[in-house]
Amino acid sequence: MKEGKIITTSIVGVLVMGILLGGYWTLKKEQLNIVVKGEEIKISTFQKTVKGLLDEEKIKYDEDDEISPGLYTKLTDYMNIKVTNVKKVTQKEYDKIPFEVNLVEDKNIEKGNTELEQEGKEGKKELVYELIYNDDELVNKELIKENIIKEPTNKIMKKGIKEEIIVASRESNSRKSDSKKSNSRQMNVVATAYAGDGITSTGTVPKWGTIAVDPSVIPYGSKVYIPKFGMSFIAEDCGGAIKGNKIDIFMNSESQADSWGRKSIEINVTM
């Protein structure tokens, strides 16, 4: 009987060892490949899920991070696992707010003249962006908030609408004739050209027929006849580089403006 018990115990021990050994080879996952921040780790494990493996290897992650395949995916031999560290940060930037030009009619100013009532000042705004980094590489930038720090101050220009009333008489007609002569003059100027969207210094939209001038030489509202084109233009814009005997002719396209370039021409100004 003792011998039978010994044989039975031995058989049971072999069976248990077999089960244990069989379980080892069944449960152990071989040659798993983990990529964390671009670094590869090859490992074998007894863990059943991706989460269990990451926790076992003390690989840190949070709810924003991207884990592929998912945390509760069952492990298989030769599986590739990637952990992408996702970081979200906010960034503030600042930008200018352009001012507008308001044109106001004034009956106390002679027609054809303009006066500056108020200088324009640019405003300022704060732009808040959300930046998303994947493993320290910027992958997305999104505007999430815009705050006005300082409102712009609009530029105000007074446009004269006062008309001179002349009594009909020989003397007045003679003066009127002399006045017309004195208000019409020929000039030699350097003419450049420009194009694009925007608004003129007098608050109008520039078009073919608009020119920029130095208002101290050619007042706003003056008619400027250009023999080169056989037509009259209206002085209703100015520019930082337009000083003295210079004009800037608005063209319908950038290519036309480039083609014109810079020319010395004769003009006739009627004020």
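Yes/no per residue for (1) surrounded by 16 or more Cβ atoms within 10 Å (Cβ to Cβ); (2) modelled with pLDDT under 90; (3) in a loop (DSSP other than H, G, I, E, B); (4) not acidic (Asp, Glu):
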site: Lys228; (1), (2), (3), (4): no, yes, yes, yes
site: Phe233; (1), (2), (3), (4): yes, no, no, yes
site: Glu236; (1), (2), (3), (4): yes, no, no, no
site: Gly240; (1), (2), (3), (4): no, yes, yes, yes
site: Asp248; (1), (2), (3), (4): yes, no, no, no
site: Asp258; (1), (2), (3), (4): no, no, no, no
site: Ile265; (1), (2), (3), (4): no, no, no, yes
site: Asn268; (1), (2), (3), (4): no, no, no, yes
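With the condition kept exactly as written, say whether any residue in the range 113-130 is outside the structural domain of Gly203 (by TED's automatic domain parsing) and either out of contact with any strand residue (DSSP E or B) (no Cβ under 7 Å at 6 or more places or on another chain) or free of Cβ contacts under 8 Å to residues at least 12 places away in the same chain (or both). There is no residue in the range 113-130 that is outside the structural domain of Gly203 (by TED's automatic domain parsing) and either out of contact with any strand residue (DSSP E or B) (no Cβ under 7 Å at 6 or more places or on another chain) or free of Cβ contacts under 8 Å to residues at least 12 places away in the same chain (or both). If you filter the range 90-118 down to residues that are among the charged types (D, E, K, R) and within 26 Å of the chain's Cα centre (by Cα), you find that the one that is farthest from Lys162 (Cα to Cα) is Lys92. For the range 194-216, filtering for residues that are outside any loop (DSSP other than H, G, I, E, B) and polar (S, T, N, Q) leaves 1.
Scanning the range 58-111 for residues that are aromatic (Phe, Trp, Tyr), touching a residue at least 40 places away in the same chain (Cβ under 8 Å) and surrounded by 14 or more Cβ atoms within 10 Å (Cβ to Cβ) gives a single hit, Phe99. Within the range 133-176, the set of residues being surrounded by 11 or more Cβ atoms within 10 Å (Cβ to Cβ) and modelled with pLDDT under 75 comprises Ile166, Ser172, Asn173, Arg175, Lys176.
Would you be able to say whether some residue in the range 69-80 is of a type in the set (Gly, Ala, Ser), under 37 Å from the mean Cα position of the chain (by Cα) and closer than 23 Å to Ile132 by Cβ? The answer is no, given that none of the residues of the range 69-80 is of a type in the set (Gly, Ala, Ser), under 37 Å from the mean Cα position of the chain (by Cα) and closer than 23 Å to Ile132 by Cβ. I need every pair where a residue in the range 132-147 that is aromatic (Phe, Trp, Tyr) has its Cβ under 6 Å from the Cβ of a residue that is in a strand (DSSP E or B), sequence separation at least 6 or different chains. Sorted first by the residue in the range 132-147, then by its partner, the pairs are Tyr133/Lys87.
Selection within the range 26-57: residues that are of a type in the set (Ser, Thr, Tyr) and touching a strand residue (DSSP E or B) at 6+ places or on another chain (Cβ under 7 Å). The member of this set that is surrounded by the fewest Cβ atoms within 10 Å (Cβ to Cβ) is Ser44. Step by step: first the residues of the range 182-202, then only those that are surrounded by fewer than 19 Cβ atoms within 10 Å (Cβ to Cβ) and within 18 Å of Glu110 (Cβ to Cβ), then the one that is modelled with the lowest pLDDT. Which residue is that? Top of the filtered list is Ser182.
The values are calculated or read from the model by the stated rules, or taken from the named source; none is laboratory data. All figures in this text were calculated on a predicted structure; none of them were measured in a lab. Using ideal geometry, Cβ is built from the backbone for each residue, glycine included, and neighbour counts are taken over all protein chains shown.
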